[in-house]
Amino acid sequence: MLTPIWVRGRRRKRPAEESFNDENPRPIPSGPKGGRPLMSRQAKLDSSQAKTDKRARLLVAKPTKQRKKLSNLESLPVELIEKIFLYSLNVNFARCSLPLIAAISSERIYRALILLAFWDDTSTTAAGTRASETAISRILRPLDYSPLRDADRRQLQDTILRCKWCTVQRLLAQLPDLMNLCIQRHWFGAGIVMAPEQEDALNRFLAQEQDIRTFEGTDPTSTTTTDDDDDDDDDDNPTHYTLTINPLVSITITHHETDQTTTHPILGVLLIPPNLLQGGPLDSEEEGFTSPAHTNYLETLRIASGFNRTALTKPTVTLSRPALQRGIHTALVENNRKALTTLLKIDEYHFRAENTDIDPASAAMIPYTLPAEHFRTAVRVARRDPVFFQILLRASAESVPADDPEITEWAMQQRDAFGAWLLDLMLHLPEQIEAARTNPAEQAVFYLGRANAQRGLARRYLREVLGVEELGSWLEESTFDVSGLWKIPRID
């Protein structure tokens, strides 16, 4: 019996029902031993045509993926797109497509937006001279300038300060141009004429070549009549003015004949966004006031807002006090003295200026206070460093909770002059609160950071705790000198 041999490979199995007849003749083998049948003439023709068609299809290049066709707006030159955006001042314009974002994301657009948003040009009623208008147009290029209303400028500031590209460095970099704009509008635009040497000195100052900050000028169109007892003739003399520049902060114009001074801030701030007050992200994704740039930003906005004066004036800057209180809590938790001091100065000045009226009785109805939780937080996060508690006291000593056991225990643990003074303050707090309510400027322990020496508690604090004779207002003190950025290079 033969043993079957199994061969690996594919075995073709002919269907059992396949049959051959006259219509389907059996293929003729190609040789005597069989093999692949020969192709008929028609089969060869069909195969040749199929191969030709396949070769033709392969030789034809495959169509590449078509790029998205740009719209008519996106196809415009970059200069025209910039003009359209600066005319509309709509941030949603940049969010429409990537080509539009690329077209307007440039330093000169950022610069134009900052200058337009932070230049206060609403106080000018008369048109300036042709030379000043030409200089203003040159500074604001590529912007076709037209003054904005306060409402529009406030909205633009809010939009810009929320953008990631509006960093501290970009804002501070535009202060020299903002200062030049103020000088062109309020000095040259008012028709004041300078002597050639004075104008040359001012140009050298603006070019940071010479540190002369006081300049003289006259207004020929406005004259002052002086009477002479010897004759009846009147001599018409031009009025004299003095320009005093506090670099990057403000300019002051003094009218000599009337002894009237007018100060124009360089940075016209109308609002401080909540994210800056509560310690939100600024130049990075980090939360809080961990970046020194954030604190410097706040101090710059505080000075520009006019919160560095001892005289209270109705504020034009809007801010969120709940966001400010959250920022104070964050600064306490982070043990950030600079941020805490700046936020307390902003909070006290804005609240007192907003709620102080001519009538002392109405002012006494809304006393300035801090949340008691701030003092408890200062005790918990800095038990061995009373400085943070003392900073809160300088803002509002009457806000200390009188019967708080945690603060009482902490004051007893101090075992020094400050601990004893704090216990005495908490003991006499009810009558002190009532005295400060009637006349905060003179009867509060501290007012705008100044210690009222006529109060016994304030005198004890100065003598026993600080060891000084007096403590002035802290509003004029600054943790960041903006004018120090204006440096005149030395010529050896």
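The values are calculated or read from the model by the stated rules, or taken from the named source; none is laboratory data. Treat the numbers as computed from the prediction; the structure is a model and nothing was measured. Neighbour counts are summed over all protein chains in view; Cβ atoms, including those assigned to glycine, are modelled from backbone coordinates with ideal geometry.
For T330, state whether it is touching a His at 6+ places or on another chain (Cβ under 7 Å) and more than 29 Å from T438 (Cβ to Cβ). No; evaluated as a whole, the condition is false for this residue. Reported count of residues in the range 167-188, each being buried (at least 20 other Cβ atoms within 10 Å of the Cβ) and not in a helix (DSSP H, G or I), is 1. From the list T408, T369, T438, T377, the lone residue that is touching a residue at least 60 places away in the same chain (Cβ under 8 Å), assigned by TED's automatic domain parsing to the domain that holds T310, at negative phi and polar (S, T, N, Q) is T438.
Out of all the residues in the range 209-231, which are at pLDDT below 75 and over 11 Å from I192 (Cα atoms)? Let's see the steps before the verdict.
Narrowing the range 209-231 to residues at pLDDT below 75: 222-231.
Residues satisfying the conditions are T223, T224, T225, T226, D227, D228, D229, D230, D231.
I'm told L282 meets every condition in (1) modelled with pLDDT under 90; (2) farther than 22 Å from G484 by Cβ except one. Can you identify the failing condition by its number? Looking at each condition in turn, L282 falls short on (2).
Across the range 410-435, what is the total count of residues that are part of a helix (DSSP H, G or I) and under 18 Å from Q390 (Cβ atoms)?
We begin by selecting, within the range 410-435, every residue part of a helix (DSSP H, G or I); these are 410-414, 417-427, 429-435.
Narrowing the set further to residues that are under 18 Å from Q390 (Cβ atoms) leaves 410-414, 417-426, 429, 432.
Of the residues in that region, 17 qualify.
Residue check: L448 meets all listed conditions (1) in the same structural domain as G419 (by TED's automatic domain parsing); (2) under 20 Å from L344 (Cα atoms); (3) without any contact (Cβ under 8 Å) to a residue 24 or more places away in the chain; (4) of a type outside the set (S, T, N, Q) but one, namely (3). Among the residues making up the range 351-390, a single one is among the polar types (S, T, N, Q), part of a loop (DSSP other than H, G, I, E, B) and modelled with pLDDT of 90 or more: T369. One residue stands out in the range 459-492 among those that are among the small types (G, A, S) and touching a residue at least 60 places away in the same chain (Cβ under 8 Å): the one that is surrounded by the most Cβ atoms within 10 Å (Cβ to Cβ), namely S478.
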